[in-house]
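Inspection log for the structure reproduced underneath, given as structure tokens.
The values are calculated or read from the model by the stated rules, or taken from the named source; none is laboratory data. Everything numeric here is computed off the predicted structure, so don't read it as measured data. Here the Cβ positions follow ideal geometry from the backbone for every residue, glycine too, while neighbour counts run over all protein chains shown.
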Amino acid sequence: MATPDSAEEKPRENPVLWVARPMATAARQFAKSLFRPSTIIYPYERLEDPKFRDRVEVASGKPFGVGRVWDNYRGVHSLNIATCISCNLCAFSCPDICIDMVTVAGGDPKHPKKCPQIDYGKCSYCGFCSDACPEGCLTMTTRYELSTPKRSEMIYSPEKLNAVFHSKLPMNPIRLARPDNEDSILLDPPLCIGCNACARDCPTGCITMLDIPKPEAKPGEKLPRRIWKEPVVNDSDCVRCGTCISVCPKECLFWGTRK
Amino acid sequence: MSTVTLYSVSYDIASLILHILGFIIPPANAALTNGNVVTGLAVLVFGVILLAASMLNTILLIWWERKLLGRIMDRRGAMHVGYAGLLQNFADGFKLFRKTTVQPREADALGFFSGPTAYLVTSFLLFGILPISSGWNSGILPLSLLLALAIFSFAPLFIFVSAWSSNNKYSLMGGMRSAAQMIAYEVPLLLAVVAVVIVAGSFDLTTIVYEQQNYWFWGPLFVALIVFVAGMLAEMERIPFDLPEAEAELVEGWNTEYGGMLFAFFMLADYLRALVGSILVVLLFLGGWTMPSWVPGALTTFPLAGIFWFMAKTYIVFGVFVWVRASLPRVRTDQLLRVGWNRLLPLSLLAVFLAATLVTVKCVWPFGCLPSMGT
Ligand code: SF4
Ligand code: SF4
Ligand code: SF4
């Protein structure tokens, strides 16, 4: 412990100021906030109200209307069912595992159309799902008022998310502009067994299974048991969802640059 | 108006109740309207009115503190329950009263339960003996100031008893700090009171108030006022002298182990003591329920004007306590004692000296003369 006595020998501040200065500060603040403290009384007023324009400009450091603070806000999602290709990427990338792919109307009986259903009780609003969505159909809006008295109402079905889309809320522009993935789906031929799983599950149908010649068996050599077909990916239709990679039972598909 | 006092009102209520009862039950009429029975019930009604008034004021005081503190901190304080959050504290109180009282396993039940109760009861007693206006008082008590201060200094005992019987080291530390602090600050506090008593020439609070008819004592006895307010802050354990609670070091100080209703007792008693402290400042230095003669008569003669002005002054004084709380940080123990012994004690001696001088010269320039000294 330092010697308190030596420190006390030279008082740094006048005791009157030690009391008077903070009290003056408090009085000044009291006078300033007597009629209007800076609290925004939330359920009755909102930051978006025009009367808080100045304060928003100060907070965002930008003029109002150019980069409003809530422009890149991550609120409730909006889903455009019409353009969703059921690629499963959103559910795949969700760190909270709160997206379920559920069947919606509009698919054929053989390939039911599945769209994301989000449980907002678990969602952390990270935005990974809308980042991952290759079609830009799952984006985040600025709506943040989701409280409900029932837990079951926290689960938003695709139709409900679609309704959010049609309510034309401002969307997060950052989530709409996405960099292109230049990589392609490549195949490691010796591993492939020609099972058709990738072609069956590809949401865009850009994989075709082409026949490959069955090689002659050398004496003493046993040919692998497989179907003599190989997937060929049409790069211009592929949306880089990665579904084929995740369904491949032999892990023979991978990302790479096509030579 | 001077004939209507709190006791006469209670007596009227009591006799009204008893006469109605006697009307309903004719055989008991004679027994019920007996003078002793009426007096007994009148005292009871008197107590109930005092209790209700003190509870109401305490809860309003908490609201006042929350609002003021909010404004000083650039926010709003309670605002949803009732008009401007006036009923918030009632809601909080009901919540506390509904909670289970948890008693630590090793705690001493007798002290654990009697400590807070006695603390609260003595605080109520304190409110009962203070005159609020010419009508609202508990009769003529020639030594009411001494009685009030004596009851006021019961508190360290009860705090220490509850802290000791909680069987928790933080409680015990808080209790010891509380006792040490209150005893240390009693000396300058009483000396400041002595200054007032010298000038007023009486220990009766009513007399002290009437001695201030020419000028309030805060002007000539400003030094005593400063010492008294600082001592009161320490006695009430409010920031910057809230070492016994010291949330940052001692969890919650001496009431760490208390929850539910017993915690509500402590809370109520704390604010009651704050109320009493503010009332004492008003009585001793701010002229009690009287107003200066330059105030227009219409403002001082309406019914209950005395109580109104008294309470207005009390809330303003408490507002100053809140202002201090919002501005100053908590002092360390050594600073606490240094302020107490090195600064407040000499100041209070100076205040006594000034008071003696004032009594000798009788008239001081900007204020005027004392009324009828030495009768
Ligand atoms: S925002 Fe994040 S947590 Fe919420 S659904 Fe999308 S990926 Fe999952
Ligand atoms: S990532 Fe987009 S396109 Fe794919 S399933 Fe989800 S919402 Fe539909
Ligand atoms: S990544 Fe695979 S499954 Fe997805 S679109 Fe491209 S080829 Fe189809």
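Checking the conditions here, which among A:Thr204, A:Thr141, A:Thr148 is modelled with pLDDT of 80 or more, within 16 Å of ligand 1 (Cβ to nearest atom) and β-branched (Val, Ile, Thr)? Write out each step before concluding.
Values: A:Thr204 fails: within 16 Å of ligand 1 (Cβ to nearest atom); A:Thr148 fails: within 16 Å of ligand 1 (Cβ to nearest atom).
From the options A:Thr204, A:Thr141, A:Thr148, the qualifying one is A:Thr141.
Can you find, within region B:298-335, the residue that is surrounded by the fewest Cβ atoms within 10 Å (Cβ to Cβ) among those that are more than 17 Å from B:Gly277 (Cβ to Cβ) and of a type in the set (S, T, N, Q)?
Taking the candidates together, the pick is B:Thr301.
Only residues in region B:110-137 that are more than 30 Å from B:Trp289 (Cα to Cα) count as the first member; pair them with residues that are of a type in the set (S, T, N, Q) and buried (at least 19 other Cβ atoms within 10 Å of the Cβ), Cβ under 6 angstrom, at least 6 apart or cross-chain, and list the lot.
The qualifying pairs are B:Gly111/B:Ser165; B:Phe112/B:Ser165; B:Gly115/B:Ser162; B:Pro116/B:Ser162.
Within region A:83-139, work out how many residues are within 16 Å of ligand 3 (Cβ to nearest atom) and either within 14 Å of another protein chain (Cβ to nearest Cβ) or among the basic types (Lys, Arg) (or both).
Matching residues across region A:83-139 total 2.
Can you pull out every residue in region A:87-127 that is among the hydroxyl-bearing types (Ser, Thr, Tyr) and either farther than 18 Å from A:Tyr156 by Cβ or within 16 Å of ligand 1 (Cβ to nearest atom) (or both)?
A:Ser93, A:Tyr120, A:Ser124, A:Tyr125
Condition first: within 16 Å of the chain's Cα centre (by Cα) and more than 14 Å from chain A (Cβ to nearest Cβ). Now tell me which residues in region B:303-316 satisfy that. Quick ask: steps written out before the conclusion?
From region B:303-316, those within 16 Å of the chain's Cα centre (by Cα) are B:307, B:310-316; that's our starting set.
Residues satisfying the conditions are B:Ile307, B:Phe310, B:Met311, B:Ala312, B:Lys313, B:Thr314, B:Tyr315.
State whether one or more residues within region B:97-118 are within 14 Å of chain A (Cβ to nearest Cβ), surrounded by 17 or more Cβ atoms within 10 Å (Cβ to Cβ) and part of a loop (DSSP other than H, G, I, E, B). Steps first, answer last, please.
Residues of region B:97-118 within 14 Å of chain A (Cβ to nearest Cβ): none.
Taking every residue of region B:97-118 in turn, none turns out to be within 14 Å of chain A (Cβ to nearest Cβ), surrounded by 17 or more Cβ atoms within 10 Å (Cβ to Cβ) and part of a loop (DSSP other than H, G, I, E, B).
Report yes if B:Val199 is over 22 Å from B:Ala269 (Cα atoms), under 20 Å from the mean Cα position of the chain (by Cα) and not small (Gly, Ala, Ser), otherwise no. Spell out the reasoning first.
Numbers: over 22 Å from B:Ala269 (Cα atoms): yes; under 20 Å from the mean Cα position of the chain (by Cα): no; not small (Gly, Ala, Ser): yes.
Answer is no for this residue.
I'd like to check something: does region B:72-79 contain any residue that is within 14 Å of chain A (Cβ to nearest Cβ), in contact (Cβ under 8 Å) with a residue 40 or more places away in the chain and surrounded by 14 or more Cβ atoms within 10 Å (Cβ to Cβ)?
yes
Can you list the helices (runs of 4 or more DSSP H) lying wholly within region B:125-225 that have 1 or more residues being charged (D, E, K, R)?
B:169-200
Keeping to region A:8-56, report how many residues are modelled with pLDDT under 65, surrounded by fewer than 11 Cβ atoms within 10 Å (Cβ to Cβ) and either in a loop (DSSP other than H, G, I, E, B) or within 11 Å of chain B (Cβ to nearest Cβ) (or both).
Of the residues in region A:8-56, 4 are modelled with pLDDT under 65, surrounded by fewer than 11 Cβ atoms within 10 Å (Cβ to Cβ) and either in a loop (DSSP other than H, G, I, E, B) or within 11 Å of chain B (Cβ to nearest Cβ) (or both).
Name, by its number, the condition in (1) within 14 Å of chain A (Cβ to nearest Cβ); (2) in a loop (DSSP other than H, G, I, E, B) that does not hold for B:Ser293.
(1)
I need every pair where a residue in region A:193-218 that is within 14 Å of chain B (Cβ to nearest Cβ) and closer than 16 Å to A:Leu253 by Cβ has its Cβ under 7 Å from the Cβ of a residue that is modelled with pLDDT under 85 and within 12 Å of ligand 3 (Cβ to nearest atom), sequence separation at least 6 or different chains.
Listed pairs, sorted by first residue: none to list.
Could you check region B:138-159 and list, in sequence order, the residues that are without any contact (Cβ under 8 Å) to a residue 24 or more places away in the chain, over 30 Å from B:Pro303 (Cβ atoms) and in contact with a helix residue (DSSP H, G or I) (Cβ under 9 Å, 6 or more places away or on another chain)?
B:Leu157, the sole residue that qualifies.
Please go through (1) more than 15 Å from the chain's Cα centre (by Cα); (2) at pLDDT 85 or above; (3) within 13 Å of chain A (Cβ to nearest Cβ) for B:Gly319 and return the number of the only condition it doesn't satisfy.
(1)
Would region A:241-248 turn up any residue that is away from ligand 2 (no atom under 16 Å from the Cβ), surrounded by fewer than 17 Cβ atoms within 10 Å (Cβ to Cβ) and closer than 12 Å to A:Gly194 by Cβ?
So far as region A:241-248 goes, no, none of its residues is away from ligand 2 (no atom under 16 Å from the Cβ), surrounded by fewer than 17 Cβ atoms within 10 Å (Cβ to Cβ) and closer than 12 Å to A:Gly194 by Cβ.
Conditions (1) at pLDDT below 80; (2) over 27 Å from the mean Cα position of the chain (by Cα), marked per residue:
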| site | (1), (2) |
| --- | --- |
| B:Pro292 | yes, no |
| B:Gly297 | yes, yes |
| B:Thr301 | yes, no |
| B:Arg330 | no, no |
| B:Val352 | no, no |
| B:Ala355 | no, no |
| B:Val359 | no, yes |
| B:Gly368 | yes, yes |
